[in-house]
1. Kindly indicate whether any position in region 99-110 is in contact (Cβ under 8 Å) with a residue 24 or more places away in the chain, surrounded by fewer than 18 Cβ atoms within 10 Å (Cβ to Cβ) and in contact with a strand residue (DSSP E or B) (Cβ under 6 Å, 6 or more places away or on another chain).
2. Only one of these conditions is not met by Met137: (1) outside any loop (DSSP other than H, G, I, E, B); (2) in contact (Cβ under 8 Å) with a residue 60 or more places away in the chain. Which number is it?
3. Hey, does region 62-76 have a residue that's of a type in the set (S, T, N, Q), assigned to a helix (DSSP H, G or I) and at pLDDT 90 or above?
4. Considering only region 49-60, I want to know if a residue exists there that is touching a residue at least 24 places away in the same chain (Cβ under 8 Å), buried (at least 20 other Cβ atoms within 10 Å of the Cβ) and within 14 Å of Phe176 (Cα to Cα).
5. Do you know which of the residues in region 154-193 that are part of a helix (DSSP H, G or I) and at pLDDT 85 or above is surrounded by the fewest Cβ atoms within 10 Å (Cβ to Cβ)?
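The values are calculated or read from the model by the stated rules, or taken from the named source; none is laboratory data. Worth saying up front: this structure is predicted, and the values here are computed from it rather than measured. Here the Cβ positions follow ideal geometry from the backbone for every residue, glycine too, while neighbour counts run over all protein chains shown.
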Amino acid sequence: MSIQNVEQLQDMHLDVLKEIGNIGSGNAASALSQLLQCETDITVPSVKMLDFGDAVNFLGGPEQIAIGMLVNLEGDINGMMLYVLQQSFASRMTSALFGSPIEDLTNMNEMETSFISEVGNIMAASYVNAIASLTGMTIDISVPVMTVDMVGAILSVPAVQFAQVGNKVLFIDDSFVFGDGEIKSNMILVPEMSSLETLFVRLGVSV
């Protein structure tokens, strides 16, 4: 049976995606440790299938201001990844590197914007490299397109994309621990269904 939409995914499929998320998070934590020159740990990521409205609420509601970073995937897997980063994440990043937090996401300077975009690029590459190393696939990623907007507006992009394949989004909730605190990043994965099926076949998981 081929996968037509994300609502057909079973527990074993989510377990595979969770393991990929776990490896990707580990890669991202290592990369961030080198970038920030401080030890960074992770907790086990949570992989959920959420309705669009639930995902918006999980991220603080439609009017919550956040950073959205969209990365397109091409090659053996086609689709997109959307990172949603809250101010707490961005502030902890800039505090670690520059010694000062971001007070207002809508008023970041050029240095802060460039740095946060690079963080998004590192995290996206970490996940893609995890998939590639497990499957032997070739996957190219675009430079992240970064925007600061309300969560409802940011998630409208995958909502439109997902309209063709189901009413739920594949939502990965990550927690990074460094210094004396924990910060979250959230990723929404929007693969073409044929690409998702190819991924599972490569890993020996029935579809």
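1. yes
2. Going through the list (1) outside any loop (DSSP other than H, G, I, E, B); (2) in contact (Cβ under 8 Å) with a residue 60 or more places away in the chain, Met137 breaks only (1).
3. No: region 62-76 contains no residue that is of a type in the set (S, T, N, Q), assigned to a helix (DSSP H, G or I) and at pLDDT 90 or above.
4. no
5. Ser156
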